[in-house]
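Written out below as structure tokens is the structure these notes cover.
The values are calculated or read from the model by the stated rules, or taken from the named source; none is laboratory data. Predicted, not measured: the structure shown is a model, and the values here were computed from it. Quick reminder, even Gly has a Cβ in these numbers, built from the backbone with ideal geometry, and neighbours come from all protein chains shown. Side chains included, ligands, DNA and RNA excluded: accessible areas come from the protein's heavy atoms. Shrake-Rupley method; radii C 1.70, N 1.55, O 1.52, S 1.80 Å.
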Amino acid sequence: MISREEFSQIRDNGIWQQNTSLVQILGLCPLLAVTTNLVNGVMLSLATIIVMAIANVAVAALRNLIPHEIRIPVFILIVAALVTVVDLIFNAQFHELYRVLGIFIPLIVTNCIVLARVEAFANKNPPLQSAFDGLFMGVGMLWTLALLGGLRELIGGGTLFSGIDMVFPALLPLQLLPANYPGLLLAMLPPGAFILLGCLIAWKNWVETRAAARHAGPGSHQAPPVVVSDSV
């Protein structure tokens, strides 16, 4: 079983405090390449959530049976099997979207977010806690990629939910800005994604600094949190 306090800590770490995109700065390749619109970011995040949650449960259940010396190859084998299943499902159910996402679904195998949580958490904790860790780490990635993709799509083309018809054929994208809006090409390119990601990180640090200042009371000065990048 899992206590309410433990559940809250895992949830808060995954969604906010240890957000994989804004704090750990992991998985920059799909983050920058796929988030040209909101739908792409959300769907790739959902695929990653499925892989992370199931992989965490599998590793947590087998952790006492996996020799320490070969644990990384075994982890990769488990993740690769799950990614293959997800890849086939996307190809069968969302073929047009599958073609758009391209190589980034198979590349979930080598995503630092997945391997980092399997090694750092699932390999040391029971299956239930590991499942929640994979789920909420994925949710943290999902809202970040959705927000970044939505901002890039809106600034770059004036639309929102572009490509939603590849998931739900009856739906159409929203034209939020005038049809003659020329768009900003920079927002659709990787440099624009870097700039917007930096703005999101600055916003998160500002929110945490304000919260820390309110908690400490008047007259206190708190240094802003330092974002440390582990790897891409």
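All Cα-Cα distances of segment 70-182, cut into 10 Å bins from zero to the largest, leave 12, 32, 32, 18, 6, 1 percent in each bin in turn. What would the Debye formula give as log10 I(q)/I(0) at q = 0.20, 0.24, 0.26 Å⁻¹ for the alpha-carbon point model of segment 1-56, no solvent? Ignoring solvent entirely, the Cα scatterers give -0.87, -1.09, -1.16.
Given a 1.4 Å probe and heavy atoms of the protein chains only, how would you sort 83, 23, largest accessible area at the top? Please list the in-between numbers first.
Values: 83 5, 23 30 Å².
So, going from the largest accessible area down, we get 23, 83.
Specify the inter-centroid distance of segment 153-214 and segment 25-77, based on alpha-carbon positions, in whole Å. The distance from the Cα centre of segment 153-214 to that of segment 25-77 comes to 24 Å.
Ordering 163, 56, 40 by Cα displacement along the dipole of segment 4-216 toward the positive end leaves 56 in first place; charges were set at the Cβ atoms of Lys, Arg (+1) and Asp, Glu (-1). Among complete DSSP H helices in the chain, those whose alpha-carbon atoms stretch at least 15 Å along the helix's long axis and whose mean Kyte-Doolittle hydropathy reaches -1.0 are 38-62, 71-93, 127-157, 190-216. For the residues 90, 161, 132, a 1.4 Å probe over the protein chains yields an accessible-area ranking, largest first, of 161, 132, 90.
With +1 assigned to the C-beta of every Lys and Arg and -1 to the C-beta of every Asp and Glu, and no other charges, what is the dipole magnitude of segment 4-216 about the Cα centre in debye, to the nearest 20? Could you put the intermediate results ahead of the total?
Numbers: 11 positive and 11 negative charges, 64 e Å.
Taking the Cα centre of segment 4-216 as origin, the dipole is about 300 debye.
Between residue 172 and residue 84, the FRET efficiency estimated from the beta carbon spacing at R0 = 30 angstrom works out to 0.35.
Considering only the Cα atoms of the chain, their convex hull presents on average a projected area of 15.3 nm².
Across 106, 182, 30, mean-square fluctuation computed from a Gaussian network of the chain (C-alpha pairs under 10 Å connected) peaks at 182.
Taking each residue as 0.36 nm, the span from residue 61 to residue 180 lengthens on full extension beyond its C-alpha to C-alpha distance by 37.3 nm.
The helix-only estimate of mean residue ellipticity at 222 nm for the chain, built from DSSP H runs of length n ≥ 4 each weighted as -39500 (n - 2.57), is -20000 deg cm²/dmol after division by the residue total. Which of these, 26, 145, 177, has the largest mean-square fluctuation under a Gaussian network model of the chain (Cα springs below 10 Å)? With Cα springs under 10 Å in the chain, the top fluctuation among 26, 145, 177 is at 177. Applying 0.36 nm per residue to the separation of residue 2 and residue 209 and subtracting their alpha-carbon distance, the gain on full extension is 71.5 nm. You can think of it this way: the chain between residue 96 and residue 46 has 16.3 nm of extra reach, that is 0.36 nm per residue less the Cα-Cα gap. With all protein chains in place and ligands, DNA and RNA left out, the 1.4 Å accessible area ranks 99, 117, 210, 152 as 99, 210, 117, 152, largest first.
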